[in-house]
């Protein structure tokens, strides 16, 4: 007999699947949702917008009073399902994505709110054994994550941009928390974890404030965060974090055996490009073919075929191999063409939504409300696009959005870009 799922959880799955990362339907997913959400919470969460929202907006959708709505939202934030942000003294919330998001946060908790063993087994099945979710999340055109090079292994420090430095992310953060590594903890419960430390998952800024406030992760100082970073680098762990330039939300210290991103990277032939802007280069005259780098590479980008060879297509530019080379004959060199890294989360989400034909889901998530701030920010991203992409935006959003743009007095510029887009396609 198949798993019987209530309508509330089916509606919630459909709501989660509207996000660019998605949540493909699966009996395993429904079992996960039934652990994380009560049936009432599932029914109400399915009504929430994809964007940030206030208690008042949620109350209108829930058809409940403000006090009752705030209690429900606080309960969901306590579980790590919502992120609780303060914006000009007004509380706003946003539904965390599945990854990096409430999947991870559910295993960070150590207070017994969830059975972490059962959750880990279900996560392992949904992510490591079933294929739909991992192909979706790691197949996005613009990755949600990126590799941070071990900056101390780059000889010319002047070529490293601030947003490429994990140390800069730490030193510029308004708040930092540390929590349990989701990947290694999950693997521990299925008997596959390595012995790398688990309390090394770093979260920053508004996300960190929410996790600290709701006791999901522990707030730490910048000095403590730097100690964790230094320790993990010396162990040969890879820093993988939020693929944006400003307001980075998280950096994990990852191993090749447990990390979801690195496992998927090796597994998928059409791999998600999580590389840094650096590549490992080897000096064959100095190399003694000891093969330490072959064993240390977390993505199997180095092999011995007569001599040590580095596959530049596979190399993620982490710098781990350089740290353990006894002859110091491997160096990290800057790529000639650097990767596109979105300025912030908003830009990344919009760009991916356009690629995935999901932009309309973000704009029309509340048919009774248009906000000028959302329109302004969205349009700021759209006008940076190539003409061909502008046409894709118009096709996805349709006439209703164009009418809204006309009201916002942006229609003349948009019309020019739209016409240019048609010329490009022709």
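Bear in mind these aren't lab numbers, they're just calculated from the coordinates by the rules spelled out. Please read all numbers here as calculations on a predicted model, not as lab measurements. Because the Cβ atoms are built from the backbone with ideal geometry, glycine has one as well, and the counts that use them run over all protein chains shown.
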Separation in nanometres of the label points that stand 7 Å from Cα toward Cβ, at residue 327 and residue 117: 5.0
Contact order relative to length of the stretch 1-114, as percent, for alpha carbon pairs under 8 angstrom and 6 or more apart: 24
The stretch 127-281, relative contact order in percent, only Cα pairs under 8 angstrom and at least six apart counted: 32
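Between residue 40 and residue 230, how high is the FRET efficiency from 1/(1 + (r/R0)^6) when r is the Cβ-Cβ distance and R₀ = 35 Å? Nearest 0.05. Please list the in-between numbers first.
On the way: r = 46 Å, r/R0 = 1.30.
The computed FRET efficiency comes out at 0.15.
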Relative exposure of 161, 48, judged by other C-beta atoms within 10 Å (fewest first): 161, 48
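Relative to the compact-globule scaling 2.2 N^0.38 Å, provide the ratio for the alpha-carbon radius of gyration of the stretch 7-135.
With N residues counted in the stretch 7-135, Rg over 2.2 N^0.38 Å equals 1.04.
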Sorted by Cβ neighbour density within 10 Å, fewest at the top, the residues 188, 199: 199, 188
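May I ask you to derive the FRET efficiency for residue 110 and residue 10 from their Cβ-Cβ distance with R0 = 35 Å, giving the value to the nearest 0.05?
Values: r = 31 Å, r/R0 = 0.89.
Efficiency, from the Cβ-Cβ distance: 0.65.
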Extended-chain gain in nm, criterion 0.36 nm per residue less alpha-carbon gap, residue 311 and residue 61: 84.8 nm
Extension gain (nm, one decimal) between residue 283 and residue 130, 0.36 nm per residue minus Cα-Cα: 51.0 nm
